[in-house]
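Shown next, in structure tokens, is the structure this report addresses.
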Amino acid sequence: TVTITKADPTISVTGYNVSYDAAAHTASGSATGVLGETLTGLDLGATTHTTGGTYTDSWTYTDATGNYNNASGSVTDIIGKIDATITVTGFSGTYDGAAHGVVSSSATGVGAVDLSSELHVDATTFTNVPGGTVNWSFDGDDNYNAASGSATVTITKADPTISVTGYNV
């Protein structure tokens, strides 16, 4: 009797550590046989993610030849948060007696996705010289870092209108 038992394949699976980019990412890997041959049957489908986070994912190897033992394991995959593009612009102009604050604000992400719903700008306004600062905050989410800051409202002095009337007595 000649008995040949199944061998263990050599499995190499490498997780990923990338910054969020709105693209799907999958761990990479290979399965190799006892003669260095490439084996099919390594399934990395459960390691695919698009959203930011740290994941402990499972992979499996299922032998199709009958010569190798099935195998499974886990890998850590990471998609890191990034900063959104935040623009908050305060008023800049000459004193006119009106109240002024932020004139525009926006928050965008990868692919110009609008994140403005996560941006909160104080309604603070200023009427007099020199103006002041208006605070803002960005909530952040699975893909984007939270942030905060301020915008400057600049009010400069106005030239008064002067009228002088001479006299003749």
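Side notes on the structure shown:
- Options D142, D159; residue that is part of a loop (DSSP other than H, G, I, E, B), of a type outside the set (A, V, I, L, M, F, W, C), more than 30 Å from G53 (Cα to Cα) and open to solvent by 50 Å² or more (accessible area, probe 1.4 Å): D159
- Residues being open to solvent by less than 80 Å² (accessible area, probe 1.4 Å) and either β-branched (V, I, T) or touching a residue at least 40 places away in the same chain (Cβ under 8 Å) (or both) - total across region 83-104: 12
- Of the residues making up region 61-79, those that are of a type outside the set (A, V, I, L, M, F, W, C), without any contact (Cβ under 8 Å) to a residue 60 or more places away in the chain and under 17 Å from K6 (Cα atoms) are Y61, T62, D63, T65, N70, S72.
- Total residues in region 17-32, condition within 25 Å of the chain's Cα centre (by Cα) and surrounded by fewer than 18 Cβ atoms within 10 Å (Cβ to Cβ): 9
- Selection of region 127-139 for residues being open to solvent by 50 Å² or more (accessible area, probe 1.4 Å) and under 30 Å from V18 (Cα atoms) yields only D139.
- Residues in region 146-169 that are hydrophobic (A, V, I, L, M, F, W, C), under 31 Å from the mean Cα position of the chain (by Cα) and under 20 Å from A99 (Cβ atoms): A151, V153.
- Taken over region 57-100, the criterion of being part of a strand (DSSP E or B) and hydroxyl-bearing (S, T, Y) is satisfied by S58, T60, Y61, Y68, S72, S74, T76, T85, T87, T89, S92, T94.
- Complete set of residues in region 33-56 that are in a strand (DSSP E or B), surrounded by fewer than 14 Cβ atoms within 10 Å (Cβ to Cβ) and over 30 Å from the mean Cα position of the chain (by Cα): T38
The values are calculated or read from the model by the stated rules, or taken from the named source; none is laboratory data. All values reported here derive from a predicted model rather than from experimental measurement. Don't worry about glycine lacking a Cβ; one is built from the backbone with ideal geometry, like all the others, and counts go over all protein chains shown. Areas reflect the complete protein model, heavy atoms only, side chains present, ligands, DNA and RNA absent. Shrake-Rupley method; radii C 1.70, N 1.55, O 1.52, S 1.80 Å.
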